[in-house]
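Visitor: There's a structure below that I have some questions on.
The values are calculated or read from the model by the stated rules, or taken from the named source; none is laboratory data. Everything numeric here is computed off the predicted structure, so don't read it as measured data. All Cβ positions, glycine included, derive from the backbone under ideal geometry; neighbour counts span all protein chains shown. Heads up: the accessible areas ignore ligands, DNA and RNA and are worked out on the full protein's heavy atoms, side chains in. Shrake-Rupley method; radii C 1.70, N 1.55, O 1.52, S 1.80 Å.
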Number of protein chains: 2
Amino acid sequence: MAVTLAEVAARAGVSPATVSRVLNGGYPVAGGTRTRVEQAIEDLGYVANGPARALAAATSDLVGVLVHDVADSFFGILAGSLQSALAPAGPSDARRLAVVCNTQGAPEAELAYLALLEGQRAGGVVLTGGAAEDPGHTAALAARVTRMAAGGVPVILCGRPPLPLPDELPVATVMFDDRGGAFRLAEHLLALGHRRIAYIAGPPGLSTTRERLAGHRAALVRHDPGLAGICAPLTVHAGFERAAGYDATRELLRRGEPFTAVAAANDTVATGAAAALRDAGIRIPEEVSVAGFDDLPFCVDTAPALTTVRVPLREAGALAAQLVTGRRPLPPGGLTTLPTELMVRGSTGPPPAGGSRP
Amino acid sequence: MAVTLAEVAARAGVSPATVSRVLNGGYPVAGGTRTRVEQAIEDLGYVANGPARALAAATSDLVGVLVHDVADSFFGILAGSLQSALAPAGPSDARRLAVVCNTQGAPEAELAYLALLEGQRAGGVVLTGGAAEDPGHTAALAARVTRMAAGGVPVILCGRPPLPLPDELPVATVMFDDRGGAFRLAEHLLALGHRRIAYIAGPPGLSTTRERLAGHRAALVRHDPGLAGICAPLTVHAGFERAAGYDATRELLRRGEPFTAVAAANDTVATGAAAALRDAGIRIPEEVSVAGFDDLPFCVDTAPALTTVRVPLREAGALAAQLVTGRRPLPPGGLTTLPTELMVRGSTGPPPAGGSRP
DNA sequence: CGGGTGATAGAAAGCGCTTTCTGAATCGTG
DNA sequence: CACGATTCAGAAAGCGCTTTCTATCACCCG
């Protein structure tokens, strides 16, 4: 059917071993021989049989990418830049393939896909998205990651905290400074004069949720130790979807506790919050300021444009790709924290002079 | 290292062949034996070695998904629902893995990734996104697809026209009624009273561009045969990014040809157009109406909410997954056209009474 | 000028599965 | 009750690579 390595070898007048060696390098092959083999490969249009190679080498060209859901822009951008960075010189010289798996953040799904990827002898794995902070899951995940990494498979944790693992393993973590971003965002709101700041946090038990909330609270406390207490009843947990932000905001409104600003766990939730406020006849930012997190592309086009915290997703994806392919050495200590940046736009402004409306 | 099939066989007291048969079915295995094997698999936590299986069976569990760019919501949603639908009963029983490849719509990239996927013995391929309508590329693509399909690999074309291929091949096409959608959108604008309608088309030579433009024009012509001529100077081609829409609109404005509405090739371009209009001090929709295409999630949150045409991306992804896995038989004729739906929102309204502003 | 010493290339043994091809029971039936 | 038909399980031959291990040259130095 397809051209095999043996055919290439025959045409070049060498042994299969030699062809394998020019293909994989790491072994001396004389210039003339190499040229002849390359010519034969070219002539025959040889493309390696991935499974055969993976079986023999016990490692494949597959790179597993676990995301909550690629349909979500956050993960789409991350996965997209990662995939593109896997073939830095363009698709024509691509070799590693990205296997993307939607886990919805569910621990069992992560474990299941990791098992599958291990079965596929994936040459690397990138785990993205906030992690469930459940000891049982963390242990199970750590065990699985240890196994894979011990087998020489690089594992990159991206946007989630490091796992408790032995140091020598090829595991690296790329984090976002979520805490710092949330801190600066809250500072921004405080500087504008807001004191009753509602916060729509992500699902409880998720690392991202905790980090962002922690940064937010830290800023409140720093400004005024009593503020966190005042704002506590204005803090709710919700999912990461727009509808969750909408519902959470309605709930907040229903409670009757006044607030002049609402910060959300991410941009999507923030748009839901903004919609709920609008539907309640509340003007943004004149009556209530709204802020998101992530700086997804749509933020500049909402009405008004959303103040948010930029998370360097493209950079993270590209970095993860370099780390997982070994094109960039794993940093000592294994942890890289990427900076986040406050993006002030139209959805935040000073609180109304006459007091809060809701 | 990992548990092998032979170990499972030993534990169950059967031959490897038998284990393979209970794993793959299609061959009678007595109830008792099957139970014993399943128990052994469970006990040992056996996970099949993908490459070995793929090598022996000459087909892998990989499904190639070619997209222009997963970072783009259009493709992210398509790929996301496709990936999720690959494991209908949840990730724990997933078997097929989605390999997503960003091609940027480039013909060479599509060919390169297809070669790679063929080398990986992919068990199916889904080609999404508008296709370059270049005869050379179409022929090369058709050749490659024929080869793969002839080898029993289902190929699904999604959102692009069918390829000229023999009928018996396992190839199916899932199209969107782009033309109909564009037609109805233009009708909507015409019904509102617009006559000078600008159109920011996609890149020339792309099937999607042609279809949408054709539908748009057909509506103009149907309404008034002279209208297409009037609007011709108001039609420009641009890329699919927001910036392209912004620039194209500025260019349109600079030309001085008045218009009261602008329809864009997609939502992203439309937001760029809207931004350019806003920056020029033009009110939407009071002075100029704006419409997009695709109905990406952010459409409801722009200012004003974007009138657009809904493209059933999730449905298409799920359908493609079913077709490519053989869970749903390929339709006779191979072509399925999914309906599109006009979504009227705030960005379109009647043209200004006093004539057009630009 | 002979035996180390590198530098290259080939032979061959798998990697862990699938899948014929056989073989041995078990069954139904005249 | 004997014989072919049927059902189930095992033996073994690969699938197309990688990778030791081995073999062959050329050299080079004493």
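Visitor: Name the residues in region A:273-283 that are closer than 15 Å to B:Asp301 by Cβ and open to solvent by 20 Å² or more (accessible area, probe 1.4 Å), would you?
Guide: The answer is A:Arg278, A:Asp279.
Visitor: Next up: Go through region A:282-310 and count every residue that is of a type in the set (Val, Ile, Thr) and within 14 Å of another protein chain (Cβ to nearest Cβ).
Guide: Residues of region A:282-310 that are of a type in the set (Val, Ile, Thr), as a first pass: A:282, A:284, A:288, A:290, A:300, A:302, A:307-309.
Within this subset, residues satisfying the condition of being within 14 Å of another protein chain (Cβ to nearest Cβ) are A:284, A:290, A:300, A:302, A:308.
Residues meeting the conditions: 5.
Visitor: In region A:194-209, what residues are in a loop (DSSP other than H, G, I, E, B) and surrounded by fewer than 24 Cβ atoms within 10 Å (Cβ to Cβ)? Reasoning before the result, please.
Guide: Of all residues in region A:194-209, those in a loop (DSSP other than H, G, I, E, B) come to A:194-196, A:202-205.
Answer for region A:194-209, where residues must be in a loop (DSSP other than H, G, I, E, B) and surrounded by fewer than 24 Cβ atoms within 10 Å (Cβ to Cβ): A:Arg195, A:Arg196, A:Pro203, A:Pro204, A:Gly205.
Visitor: Applying the selection to region A:45-59, what residues are more than 12 Å from DNA strand C (Cβ to nearest atom) and either buried (at least 17 other Cβ atoms within 10 Å of the Cβ) or within 29 Å of B:Thr4 (Cβ to Cβ) (or both)?
Guide: Taking region A:45-59 first, the residues more than 12 Å from DNA strand C (Cβ to nearest atom) are A:45-48, A:50.
Across region A:45-59, the qualifying residues are A:Tyr46, A:Val47, A:Ala48, A:Gly50.
Visitor: Further, regarding this structure: Which count do you get for residues in region A:1-19 that are within 13 Å of chain B (Cβ to nearest Cβ) and surrounded by 16 or more Cβ atoms within 10 Å (Cβ to Cβ)?
Guide: 4
Visitor: I'd like to know if region A:62-74 contains one or more residues that are within 12 Å of DNA strand D (Cβ to nearest atom) and among the polar types (S, T, N, Q).
Guide: No - not one qualifying residue is present in region A:62-74.
Visitor: Can you list residue pairs whose Cβ atoms sit under 7 Å apart, with the first residue in region B:221-241 being in the same structural domain as B:Glu257 (by TED's automatic domain parsing) and touching a residue at least 60 places away in the same chain (Cβ under 8 Å) and the second being in a helix (DSSP H, G or I) and surrounded by 14 or more Cβ atoms within 10 Å (Cβ to Cβ)? Count only pairs 6 or more apart in sequence or on different chains.
Guide: B:Phe240/B:Thr268; B:Phe240/B:Val269
Visitor: Considering only residues that are in a loop (DSSP other than H, G, I, E, B) and within 23 Å of B:Arg314 (Cβ to Cβ), which ones fall in region B:159-186?
Guide: The first filter runs over region B:159-186 and keeps only residues in a loop (DSSP other than H, G, I, E, B), leaving B:159-170, B:177.
If the condition is that a residue be in a loop (DSSP other than H, G, I, E, B) and within 23 Å of B:Arg314 (Cβ to Cβ), then B:Gly159, B:Arg160, B:Pro161, B:Pro162, B:Asp177 are the ones that fit.
Visitor: With within 19 Å of B:Asp72 (Cβ to Cβ), of a type outside the set (S, T, N, Q) and outside any loop (DSSP other than H, G, I, E, B) as the only criterion, which of B:Ala276, B:Ala316 stands out?
Guide: It is B:Ala316.
Visitor: What do you reckon, is A:Leu189 assigned to a helix (DSSP H, G or I) and open to solvent by less than 10 Å² (accessible area, probe 1.4 Å)?
Guide: Considered against the rule, which asks whether it is assigned to a helix (DSSP H, G or I) and open to solvent by less than 10 Å² (accessible area, probe 1.4 Å), A:Leu189 comes out as yes.
Visitor: Taking region B:36-54 as the region of interest, how many residues are aliphatic (A, V, I, L, M), within 14 Å of chain A (Cβ to nearest Cβ) and free of Cβ contacts under 8 Å to residues at least 60 places away in the same chain? Spell out how you get there, then give the answer.
Guide: Restricting attention to region B:36-54, the residues satisfying the condition of being aliphatic (A, V, I, L, M) are B:37, B:40-41, B:44, B:47-48, B:52, B:54.
Now restrict to residues that are within 14 Å of chain A (Cβ to nearest Cβ): B:41, B:44, B:47-48, B:52, B:54.
Still in the list and also free of Cβ contacts under 8 Å to residues at least 60 places away in the same chain: B:41, B:44, B:47-48, B:52.
Number of matching residues: 5.
Visitor: So B:Gly333 fits all but one of (1) touching a helix residue (DSSP H, G or I) at 6+ places or on another chain (Cβ under 9 Å); (2) open to solvent by 50 Å² or more (accessible area, probe 1.4 Å); what number is the exception?
Guide: Among (1) touching a helix residue (DSSP H, G or I) at 6+ places or on another chain (Cβ under 9 Å); (2) open to solvent by 50 Å² or more (accessible area, probe 1.4 Å), the lone unmet condition for B:Gly333 is (1).
Visitor: For region A:2-30, name all the residues that are aliphatic (A, V, I, L, M) and either closer than 21 Å to B:Leu116 by Cβ or near DNA strand D (Cβ under 8 Å from one of its atoms) (or both). Show your work before the answer.
Guide: First pass over region A:2-30, keeping only residues aliphatic (A, V, I, L, M): A:2-3, A:5-6, A:8-10, A:12, A:14, A:17, A:19, A:22-23, A:29-30.
Selection gives A:Ala2, A:Val3, A:Leu5, A:Ala6, A:Val8, A:Ala17, A:Val19, A:Val22, A:Leu23.
Visitor: Being within 14 Å of chain B (Cβ to nearest Cβ), in contact with a His (Cβ under 9 Å, 6 or more places away or on another chain) and open to solvent by less than 30 Å² (accessible area, probe 1.4 Å), is that true of even one residue in region A:65-75?
Guide: yes
Visitor: Sort out which residues of region B:218-247 are of a type in the set (A, V, I, L, M, F, W, C), closer than 21 Å to B:Thr302 by Cβ and open to solvent by less than 10 Å² (accessible area, probe 1.4 Å), and write them in order of number.
Guide: If the condition is that a residue be of a type in the set (A, V, I, L, M, F, W, C), closer than 21 Å to B:Thr302 by Cβ and open to solvent by less than 10 Å² (accessible area, probe 1.4 Å), then no residue fits.
Visitor: If B:Gly26 satisfies every condition in (1) open to solvent by 60 Å² or more (accessible area, probe 1.4 Å); (2) more than 16 Å from DNA strand C (Cβ to nearest atom) but one, which is the exception?
Guide: (2)
Conditions (1) within 7 Å of chain B (Cβ to nearest Cβ); (2) free of Cβ contacts under 8 Å to residues at least 60 places away in the same chain; (3) in contact with a helix residue (DSSP H, G or I) (Cβ under 7 Å, 6 or more places away or on another chain), marked per residue:
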residue: A:Asn24; (1), (2), (3): no, yes, no
residue: A:Arg34; (1), (2), (3): no, yes, yes
residue: A:Asp61; (1), (2), (3): no, no, yes
residue: A:Leu82; (1), (2), (3): no, no, yes
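Visitor: Please go through (1) touching a strand residue (DSSP E or B) at 6+ places or on another chain (Cβ under 9 Å); (2) open to solvent by 30 Å² or more (accessible area, probe 1.4 Å); (3) assigned by TED's automatic domain parsing to the domain that holds B:Leu323 for B:Ala139 and return the number of the only condition it doesn't satisfy.
Guide: Among (1) touching a strand residue (DSSP E or B) at 6+ places or on another chain (Cβ under 9 Å); (2) open to solvent by 30 Å² or more (accessible area, probe 1.4 Å); (3) assigned by TED's automatic domain parsing to the domain that holds B:Leu323, the lone unmet condition for B:Ala139 is (1).
Visitor: Continuing with this model, one more query. Mind listing just one residue for me: the one in region B:102-117 that is in a helix (DSSP H, G or I), more than 8 Å from every other protein chain (Cβ to nearest Cβ) and open to solvent by 10 Å² or more (accessible area, probe 1.4 Å) and, of those, nearest to A:Val47 (Cα to Cα)?
Guide: For region B:102-117, the residue satisfying everything is B:Leu111.
Visitor: Looking at (1) open to solvent by 30 Å² or more (accessible area, probe 1.4 Å); (2) free of Cβ contacts under 8 Å to residues at least 24 places away in the same chain, can you tell me which one A:Ala149 breaks?
Guide: (1)
Visitor: Right, B:Asp93: touching a Leu at 6+ places or on another chain (Cβ under 7 Å), open to solvent by 20 Å² or more (accessible area, probe 1.4 Å) and more than 7 Å from every other protein chain (Cβ to nearest Cβ) or not?
Guide: Here the answer is no, as B:Asp93 does not meet what is asked.
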